[in-house]
Amino acid sequence: MIRGTVLGQVWAARRSRGLDGRKLVLVAARDADGAATGGVVVAVDTLDARTGEDVTVAFGSGARNVLRPGAENRDLLCDAAVAAIVEGAG
Amino acid sequence: MILGRVVGQVWATRRDPRLARTKLLVVRPHGFYEPPLGTRHLVATDEVHAGIGDEVVVCLGKPARESLGSNDTPVDAAILGVVDRVDLDEERLSPAGAAPGIRRPLAAAVVSAGRR
């Protein structure tokens, strides 16, 4: 997973089945010191993260577990999902 | 997932049977994402009927491979949606180094669309 900041929202009416009704957010990646790396990723957001909030994003096939846990989620086209909204980090 | 623009289509009669009837589009990613081998593009399957010039969201890796119903398809990128609009917090984009690659290509087209 990485840490990042929500930059905004992506609207796409025409989308893959299984992602209907899911919110897509743009997340700017941060490095370990908290500085923006310039990397930006689109992630599915089930936690209703708002613009400006710090989040962690899970990548890869594990991201599908955020949408639907278990073995029956292989049809989901999702490789990045917001896993947590960060309130503080030490 | 990454954002990109559809810039072309690939036509192929002779293809892997697991790719039969699959539409293949050429996508140029926006922003920091660098496709392998310095090609500046990637070829993605399309199940949402995207067209040339559309802004799209592309899923990479294993979830893309499994999107055609089995685990053994020769696919590593799949278009999952056609972007209508991107709402960006422009103040968050202004600090130097924040999202440089997204800012320029999306600023003109998509951010202004978000203001409508």
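Read the figures in this text as sums done on the coordinates, not as results from a lab. What you see is a predicted model; the values in this text were computed from it and never measured. A quick note on method: Cβ atoms are made from the backbone with ideal geometry, for glycine too, and the neighbour counts reach across all protein chains shown.
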Top positive-direction residue, dipole computed over the protein assembly as shown with Cβ charges, set B:Leu80, A:Val10, A:Ala81: B:Leu80
Cα-based Rg of chain A normalised by 2.2 N^0.38 Å, two decimals: 1.06
Distance (nanometres) between label positions extended 7 Å along Cα→Cβ at A:Lys23 and B:Glu47: 2.5
Along each principal axis, Cα extent of the protein assembly as shown, largest first, Å: 52, 39, 34
Backbone N under 18 Å from the B:Ser70 label point (7 Å along Cα→Cβ), restricted to segment B:13-32: B:14-23
At most 16 other Cβ within 10 Å, DSSP loop - trypsin sites (Lys or Arg not before Pro), segment B:1-87: B:Arg14, B:Arg15, B:Arg21, B:Arg40
Efficiency of FRET between B:Arg40 and A:Asp75 - r from beta-carbon atoms, R0 41 angstrom, step 0.05: 0.85
Label-to-label distance, nm, for residues given as B:Asp89 and A:Glu87 (7 Å Cα→Cβ offset): 1.8
